[in-house]
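First comes the structure, then the notes that go with it.
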Ligand code: NDP
Ligand code: MG
Ligand code: MG
């Protein structure tokens with residue numbers, strides 16, 4: 001079973017005694033910087049020339065400097081810029097500003113797990129990753145609650161790296177909810193697998209295939225949209241609240257019977273065999289290396305896939321139908 005840590009297990013004074021640099025002020029960066037500051041931690045934000053988020057950070061009373069200045073001043077450096085550019089930011093602004101005893105922090109393990117960033121032996125390498133988007137992390141903190149976090153240590157140069165990670169997690173409200181101990185390897189591989197096989201890739205492909213099946217059989221796209229995409233939210237909300245059991249308690253017996261007999265015909269042994277292959281390509285670095293190559297060559301395939309789906313009948317139908325639903329927040 002997972003090891004869990006709460007407020008009483010974490011000593012906030014550890015992080016209060018350090019100088020923290022938060023690089024990036026996006027979804028996660030703003031939540032970490034503001035909540036650490038409100039927890040009495042000495043925080044500066046590191047942003048590149050021309051950053052869109054600089055004004056927002058300054059309006060909140062945070063001091064914004066360049067990533068290199070932030071890294072030079074601080075002894076705890078949290079890297080919260082987008083994953084594909086972290087290695088570049090590290091090389092250009094962080095590497096030469098690391099001293100023995102400093103700590104390098106991440107919100108996701110990709111760059112460490114696959115060796116795109118190789119920190120020197122004298123620094124602690126830690127992860128504190130909230131299991132929720134940054135805006136929820138910040139809102140929960142302000143309301144006196146917290147979003148559960150996972151925490152990991154890849155390199156314990158000082159012997160106190162995990163206590164430091166827990167202290168950081170306390171500073172953003174994580175230990176109010178609970179912090180689960182993990183490793184960079186477990187976090188990175190399960191995160192990539194989850195988003196590819198189930199949450200993003202798997203769910204989109206399932207919705208699209210169901211929608212196409214109905215439309216190709218002559219049913220109206222609007223009706224197919226409701227059945228295959230719109231209603232998914234009701235089902236997922238029930239699962240989120242009470243697992244498969246609550247979802248099955250709420251749906252009709254007919255739907256429940258269909259769930260049992262048809263689900264395994266859609267997600268078959270062959271699907272699971274493919275999932276294992278996908279996991280293998282994550283574990284051996286194939287996925288991460290291909291993604292970095294795609295990113296560095298200017299995202300040609302990424303943009304092509306994006307464009308293809310934008311013109312899919314599922315999407316054009318949904319755009320019109322959502323106008324009928326005043327309660328649906330249609331802003332991106
Ligand atoms: P965002 O895309 O929301 O924000 C990135 C930030 O980095 C922006 O403020 C951006 O500035 C800034 N930035 C871009 N380039 C540079 C640079 N060269 N130097 C300094 N700052 C730069 O990122 P996320 O918060 O989504 O992700 C950050 C990390 O957190 C990632 O490792 C991600 O995997 C992890 N994570 C994210 C979660 C989420 O909910 N989004 C959940 C858990 C982990 P500008 O405003 O100018 O673009
Ligand atoms: Mg992810
Ligand atoms: Mg129905």
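A few points about this structure:
- Of 320, 69, 187, the one that fluctuates the most in a GNM where the chain has Cα springs shorter than 10 Å: 320
- 222 nm mean residue ellipticity, helices alone, for the chain (DSSP H n ≥ 4; -39,500 (n - 2.57); rounded to 500): -15000 deg cm²/dmol
- Computed from the Cβ-Cβ distance with R0 of 45 Å, the FRET efficiency linking residue 99 to residue 329 stands at 0.45.
- Cβ crowding within 10 Å ranks 228, 200, 149, 126 as 200, 228, 126, 149, fewest other Cβ atoms first.
- Rounded to 5, the percent of DSSP beta bridges in the chain classed as antiparallel: 25
- Relative to the longest principal axis of the Cα atoms of the chain, the long axis of helix 300-310 makes an angle of roughly 40 degrees.
- Highest-fluctuation residue, 15, 266, 117 considered, GNM on the chain with Cα pairs under 10 Å: 266
- For the range 103-160, the equivalent ellipsoid derived from the alpha-carbon gyration tensor has semi-axes of 26, 13, 8 Å in decreasing order.
- From least to most packed, judged by other beta carbons within 10 angstrom and beginning with the fewest, 251, 223, 77, 282 follow the order 223, 251, 282, 77.
- Compactness of the chain is given as radius of gyration and Dmax, 22.3, 67 Å, from Cα positions.
- Per-q log10 I(q)/I(0), the range 85-217, q = 0.09, 0.20, 0.22 Å⁻¹ (Debye; single scatterer per alpha-carbon; no solvent): -0.35, -1.16, -1.27
- Rounded to 10°, Cα long-axis angle of helix 27-38 versus longest principal axis of the chain: 40
- Put in order of Cβ neighbour count within 10 Å, fewest first, the listed residues 175, 183 become 183, 175.
- Scaled against the 2.2 N^0.38 Å expected of a compact globular protein of N residues, the Cα radius of gyration of the range 191-324 reads 1.23.
- Cα long-axis angle, helix 184-193 against the chain (0 to 90 degrees, to the nearest 10): 20
- Fluctuation leader among 12, 47, 229 - the chain, Gaussian network, Cα springs under 10 angstrom: 229
- Percent of alpha-carbon pairs separated by more than 20 Å within the range 4-182: 46
- Efficiency of FRET between residue 316 and residue 266 - r from beta-carbon atoms, R0 25 angstrom, step 0.05: 0.50
Just so you know, all these numbers are worked out from the coordinates, no wet-lab data involved. Fair warning: this is a prediction, and the values are worked out from it, not measured in the lab. Virtual Cβ from ideal backbone geometry, glycine too; neighbours counted across all protein chains shown.
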